[in-house]
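To start, the structure under review is shown below, and the notes come after it.
The values are calculated or read from the model by the stated rules, or taken from the named source; none is laboratory data. Just so you know, these numbers come straight off a predicted model, no measurement behind them. As a convention, Cβ positions derive from the backbone with ideal geometry for all residues, glycine included, and neighbour counts pool all protein chains shown.
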There are 2 protein chains.
Amino acid sequence: MNRVEWARLDPAQREAVLTRPAAAQAPEVTRTVAAMLDDVRVRGEAALREYARRFDGVDLDGFQVGEDEFERAADSLPPVLRDAIDDAAGRIERFHRDGMAVAYAVDTADGVRCERILRPIGRVGLYVPAGSAPLPSTALMLGVPARLAGCRDVVLCTPPRADGSADPAVLYAAAACGIGGTPRGGVFKLGGVQAIAAMAYGAAGVPACDKLFGPGNGWVTEAKRQVSAGGAVGIDMPAGPSEVLVIADAGANPAFVAADLLSQAEHGPDSQVLLLSDDPALIERVGRALEQQLKALPREGIARQALAGSYLIHVESLQQAFDISNRYAPEHLILALRDARAQLDRVQAAGSVFLGDWAPEALGDYCSGTNHVLPTAGAARYCSGVSVASFQVAITVQEVQPRGLAAIGPCAAELAAAEGLEAHRRAVTLRLEAAA
Amino acid sequence: MNRVEWARLDPAQREAVLTRPAAAQAPEVTRTVAAMLDDVRVRGEAALREYARRFDGVDLDGFQVGEDEFERAADSLPPVLRDAIDDAAGRIERFHRDGMAVAYAVDTADGVRCERILRPIGRVGLYVPAGSAPLPSTALMLGVPARLAGCRDVVLCTPPRADGSADPAVLYAAAACGIGGTPRGGVFKLGGVQAIAAMAYGAAGVPACDKLFGPGNGWVTEAKRQVSAGGAVGIDMPAGPSEVLVIADAGANPAFVAADLLSQAEHGPDSQVLLLSDDPALIERVGRALEQQLKALPREGIARQALAGSYLIHVESLQQAFDISNRYAPEHLILALRDARAQLDRVQAAGSVFLGDWAPEALGDYCSGTNHVLPTAGAARYCSGVSVASFQVAITVQEVQPRGLAAIGPCAAELAAAEGLEAHRRAVTLRLEAAA
C-alpha cells in the first residue's frame, strides 16, 4: 500500500491519489455489451441459452427456478446459515421500514389541496452476482425493500452454477423476501449482460421490468448503463468497484483498521481503500498489521492487487481528512476516532458511515440493518444508497375547488402571460369566467 | 387530432398510439453534442464565447449576472408580475417543505444504532430554458427546493437575449430563491449544450457542479445524458417533450378539456396529448372545442403539429382508461371525472395528477405548489418529479457498542463465510475476540 504525505503533494498528485483505479472502460466492452444486448432483444431465448453455455458452462432446459429447487436449497443449508439469513432480513426490514416516506397533503390556499402519494414500481428486476462468490446478502438488500414497497412483480436473476442449479443461499434469501411466490416474478438462473438484457427487454419467461437494481462487474454495469440510456427502463445507480475510506486517530486499533481495509480490498483487484490519519505511528502500525493479516487470507492475491492502487495518507489535521473525504465521497466511511459521534457533522458526502472501533464495515454489508447497495466512484456526492424509496414513485396530486381556482388562478394566468403561453393562460381564465 | 376506438385496435396499433412522437435521436445530434461538450472542456471560455455568438447572436464580456442587472431586472417588472412570482414561490415552498425527509434512528439490536442523516448536495446546476419563451416558473421549481435543501452553491444558467441581458422575470425569480447571493453560485447567461458543459466541467467562472437539473430541448437533454453517463455528475431525470393524458367522463366540460389539451400542445411540435373517454359524445364535443380554441392561439401552428401526433381515444370503460394510462405513465394526468377523488387509487404511474374540473394542469405548472419538473416519456413508471430530496443525499450511519457487536457479529461472520469473504469475516471475529 502506497504511503503519502498529503502536505507534500501538489494538486495534480493529490488528484491522482483520489482517482479511482478502475480501468477506463475499454471501447470493446462498450461494443461487446451493445452487441449482446441487441442479440437478446432480437433472438430472445436462443441467445440466452447460448450465453449460458458460453459463459456459465451450462445447458439449461429452462431458466426459472421451480418450487422443488427452492425446497432442496432450503433443506441443503446448515440451520445456522438459515438463521443468519433470517436474522439479517429481520434487521434490514426494521431499519428500512422506519425510513419509508409517507403520503402527505397541504392546503396551499383555501380550496387548493396538494398531495404526494406513493406507489410501488410495478415490476422490478434484481441482479444478484455470483462471480467470485454468490451473494445472498445482496438478495436481502434488494428483496427486503422491494417487498416493503409492495412491488407487484419482483424478478431476480443470478448466474447458474456449473451443475445448472442456483446458489442455495441466494434462493433461501430470495424466498425469505417472498420472491418466487409472486405470480409474474420469480428467480431466473441468468448471469451477466444476458440477465440485464432479459430483465430490460423480456425474454424466455423473464418479463420486461420497469427498473433494474444491483451491483455487478464492469460488464453488468455497462449493460445497465446502456439499457437505461434510452429511458425505457430505470436503474438504481451507477455502480462500480467497492471502496472504503478510513479516518483514524492516534487511539485507533491498528489491527481493526487493517482488517477493515482488507475486507474491502478482497472484493476485487480494482477496489480502492484509503486510510487518512494525523498520526504517523498509527499509519506505521496499520502497515505492519496489513502485511501480517494479508498472509492469512485466501483471497490474498486479489487484496494485494487492490492495495497496490491504494493509499495510506498522512494528513496534517483531522479537518483536512474530512475535507479529502468529502471530496472523494467514499462508498464506505469508517470514523475510527475517539469522538466519532461528535465528528459526524463534518461528513458531507458518503454512502454509509461507521462510527468508532466496534463498527466494522462488514456489519453494514450483512446485518446491521442498513443497505449495502451504495453509490461508488464519488457518486455519493449526488446520489444515495438503495432504500424503500428506490422501489417507489412519488406522485403529486392537486384537488382544486372553484374558490381555490379564484384564489390562485390569477397568479397562474399572470405567469403564463409572462411566459407567452396563451393556451396555459386560457385553460385558467376560461374556468375563472365559468366559475364567476 | 386523430380519433380511435381502442377496442378496434390490434396490439401493434395500440402500441403505435401510445408511442411518443418525439423523433428518434438523430445520430448527428449525439455527435454534435459530444463535440461541443469536448470543445468546452478543452477550450473553456473561448468556446463558450463562440457558441454564444453563434447560437444566441451576442458577444458577451462576461457571463455572470451582476448585482446591477438583478436590480434593473426587478425594477423593470410590472408589480403584478413580481407579486405573482413571490406568491407562487411561497406556495411552492409550503408544499415542498412539508414533504422533506427527516433523519431517523433505529436500534436494530441492543447496542446497534442505525441512522439515516441528510445532507444537501454541495453544488447544484439549474438550467432554465428560454428558447421559445423564458421560463421564470422553472427558476422557482428548481430554486425553491434547492434552497430548502440548503445547497451550499446554486448555479443557474439561462440563455442571453439578443441584447445580451438575461430575462428579467427569470432573474427576479432566481433572486427570490436566493440565487445570486451565494458566494460561489450565481446566475450565468449561457444557454443550450454549452450551459450544460460549463456546469458539468466548470468554465468561465461557472464552477463544476455535482448534479444538474432542469428541462430543455433535445440538445440540452442529450447533453445532460452524455455528461452524466460517466458518473462524474448526476442529473435530475431523463427529460423529454411535455405530455398530458386526460381521462374524462360524460359529465366533463368539453371546453375545459380542450383548453387543457391545448395547453400541453402549445409547448412544442413533439408534445403529445391524449384524451380517453367512455363517452363518444364528449369526444365529439372536445374535438369541436379544440378547433374553435385553436384559432385564437398565437402558437396555433405549434399546437396543430402536436395534435397531429395526438389521439382522442374512445375506451369501453373507465377501468380500461386507467389501464392505458398506467401503461403510458403520463407526465400530467387530468381526471375530469365526477368522482375523481375516489378514482385516485387506480393511478399507478404518473408525474402529477389533477383532480376534477377546476384543476387545470396550468395551475401545477405555476403555482399550486407542486413541482413542474416531472418525468416524461413513460419514465413515471420508475421515477418521480423533482422534490427537495432531489437536492439532498441520504447517508446511513451505524454506531455499534461492544455488546452490539456481540449480538450481531456472529450473524455477519456466518454470512461472510457463506460468501467466501474471509477478510470480511475476520474484521468481525477479530473484534469479537478483542471484546470478549
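Scanning the range B:393-412 for residues that are crowded, with 22+ Cβ neighbours inside 10 Å and in contact with a helix residue (DSSP H, G or I) (Cβ under 8 Å, 6 or more places away or on another chain) returns B:Val393, B:Ile395, B:Thr396, B:Val397, B:Gln398, B:Glu399, B:Val400, B:Leu405, B:Ile408, B:Gly409, B:Cys411, B:Ala412.
Annotation: of all residues in the range B:86-108 being facing another protein chain (nearest Cβ under 7 Å) and surrounded by 22 or more Cβ atoms within 10 Å (Cβ to Cβ), the one that is farthest from B:Ala149 (Cα to Cα) is B:Thr108.
Scanning the range B:168-208 for residues that are assigned to a helix (DSSP H, G or I), within 14 Å of another protein chain (Cβ to nearest Cβ) and touching a strand residue (DSSP E or B) at 6+ places or on another chain (Cβ under 7 Å) yields B:Val170, B:Leu171, B:Met199, B:Ala200. Looking at B:Gly356, B:Gly409, B:Gly420, just one residue is closer than 28 Å to B:Ala84 by Cα and either without any contact (Cβ under 8 Å) to a residue 24 or more places away in the chain or assigned by TED's automatic domain parsing to the domain that holds B:Arg119 (or both), and that residue is B:Gly356.
Only residues that are touching a residue at least 24 places away in the same chain (Cβ under 8 Å), in a helix (DSSP H, G or I) and over 30 Å from A:Gly202 (Cα atoms): list them for the range A:73-84, please.
Step one: of the range A:73-84, the residues touching a residue at least 24 places away in the same chain (Cβ under 8 Å) are A:73-74, A:76-77, A:81-82, A:84.
With the extra rule that they be in a helix (DSSP H, G or I), the set shrinks to A:73-74, A:76, A:81-82, A:84.
The answer is A:Ser76, A:Leu81, A:Arg82, A:Ala84.
Being touching a residue at least 40 places away in the same chain (Cβ under 8 Å) and either farther than 21 Å from B:Phe63 by Cβ or out of contact with any Lys or Arg (no Cβ under 6 Å at 6 or more places or on another chain) (or both) is the requirement here; does B:Pro134 meet it?
Details: touching a residue at least 40 places away in the same chain (Cβ under 8 Å): no; either farther than 21 Å from B:Phe63 by Cβ or out of contact with any Lys or Arg (no Cβ under 6 Å at 6 or more places or on another chain) (or both): yes.
Answer is no for this residue.
For A:Ser390, work out the one condition from (1) assigned to a helix (DSSP H, G or I); (2) crowded, with 24+ Cβ neighbours inside 10 Å it doesn't fulfil. Only one criterion in (1) assigned to a helix (DSSP H, G or I); (2) crowded, with 24+ Cβ neighbours inside 10 Å is unmet by A:Ser390, namely (2).
If you go through the range B:45-66 and keep only what is surrounded by fewer than 15 Cβ atoms within 10 Å (Cβ to Cβ), closer than 22 Å to B:Ala174 by Cβ and touching a Gly at 6+ places or on another chain (Cβ under 8 Å), you end up with just B:Gly62. Selection of the range A:234-273 for residues being more than 8 Å from chain B (Cβ to nearest Cβ), more than 16 Å from B:Ala423 (Cα to Cα) and assigned to a loop (DSSP other than H, G, I, E, B) yields A:Asp236, A:Met237, A:Ala239, A:Pro241, A:Asp249, A:Ala250, A:Gly251, A:Ala252, A:Asp270. Residues of the range B:357-400 that are facing another protein chain (nearest Cβ under 7 Å) and of a type in the set (Val, Ile, Thr): B:Thr370, B:Val393, B:Ile395, B:Thr396, B:Val397, B:Val400. Residue check: A:Arg403 meets all listed conditions (1) more than 7 Å from every other protein chain (Cβ to nearest Cβ); (2) within 23 Å of B:Thr429 (Cβ to Cβ) but one, namely (2). The single condition among (1) small (Gly, Ala, Ser); (2) within 26 Å of the chain's Cα centre (by Cα); (3) surrounded by 12 or more Cβ atoms within 10 Å (Cβ to Cβ); (4) within 28 Å of A:Thr221 (Cα to Cα) that A:Ala26 does not satisfy is (3). Each residue in the range A:209-232 was checked for being within 11 Å of chain B (Cβ to nearest Cβ) and either over 17 Å from B:Gln226 (Cα atoms) or assigned to a helix (DSSP H, G or I) (or both), and 11 pass. For the range B:424-435, the set of residues classified as without any contact (Cβ under 8 Å) to a residue 24 or more places away in the chain and either basic (Lys, Arg) or over 18 Å from A:Ala84 (Cα atoms) (or both) consists of B:Arg425, B:Arg426, B:Leu430, B:Glu433, B:Ala434, listed by residue number. With respect to B:Gln348, is the statement that it is without any contact (Cβ under 8 Å) to a residue 40 or more places away in the chain and more than 17 Å from A:Ile117 (Cβ to Cβ) true? Spelling it out, it is not the case that B:Gln348 is without any contact (Cβ under 8 Å) to a residue 40 or more places away in the chain and more than 17 Å from A:Ile117 (Cβ to Cβ). Go through the range A:109-118 and give me each residue that's of a type in the set (Asp, Glu) and buried (at least 18 other Cβ atoms within 10 Å of the Cβ). Hit for the range A:109-118 is A:Glu115, nothing else. Suppose the filter is among the aliphatic types (A, V, I, L, M), in contact with an Asp or Glu (Cβ under 7 Å, 6 or more places away or on another chain), within 30 Å of B:Gly268 (Cα to Cα) and within 7 Å of chain B (Cβ to nearest Cβ); does A:Leu415 pass it? No; evaluated as a whole, the condition is false for this residue.
Look at (1) more than 24 Å from A:Ala239 (Cβ to Cβ); (2) not assigned by TED's automatic domain parsing to the domain that holds A:Gly191 and you find that A:Glu93 fails only one, number (1). Of all residues in the range B:63-85, at least one satisfies being touching a helix residue (DSSP H, G or I) at 6+ places or on another chain (Cβ under 8 Å), polar (S, T, N, Q) and more than 11 Å from every other protein chain (Cβ to nearest Cβ).
Considering each of A:Leu81, A:Leu77, A:Leu37, A:Leu60 in turn, give the residue that is at pLDDT below 95, farther than 30 Å from A:Leu274 by Cα and assigned by TED's automatic domain parsing to the domain that holds A:Val187.
On the way: A:Leu81 fails: at pLDDT below 95; A:Leu77 fails: at pLDDT below 95; A:Leu37 fails: at pLDDT below 95.
Every option except A:Leu60 fails the conditions.
In the set (1) over 30 Å from B:Lys211 (Cβ atoms); (2) assigned to a helix (DSSP H, G or I); (3) out of contact with any Lys or Arg (no Cβ under 8 Å at 6 or more places or on another chain), the condition left unmet by A:Gln343 is number (1). The set of residues in the range A:307-346 being aliphatic (A, V, I, L, M), surrounded by fewer than 20 Cβ atoms within 10 Å (Cβ to Cβ) and under 16 Å from B:Thr396 (Cβ atoms) consists of A:Leu344 alone. Taken as a whole, the range A:327-338 holds at least one residue that is at the interface with chain B (Cβ under 10 Å from one of its Cβ atoms) and assigned to a loop (DSSP other than H, G, I, E, B).
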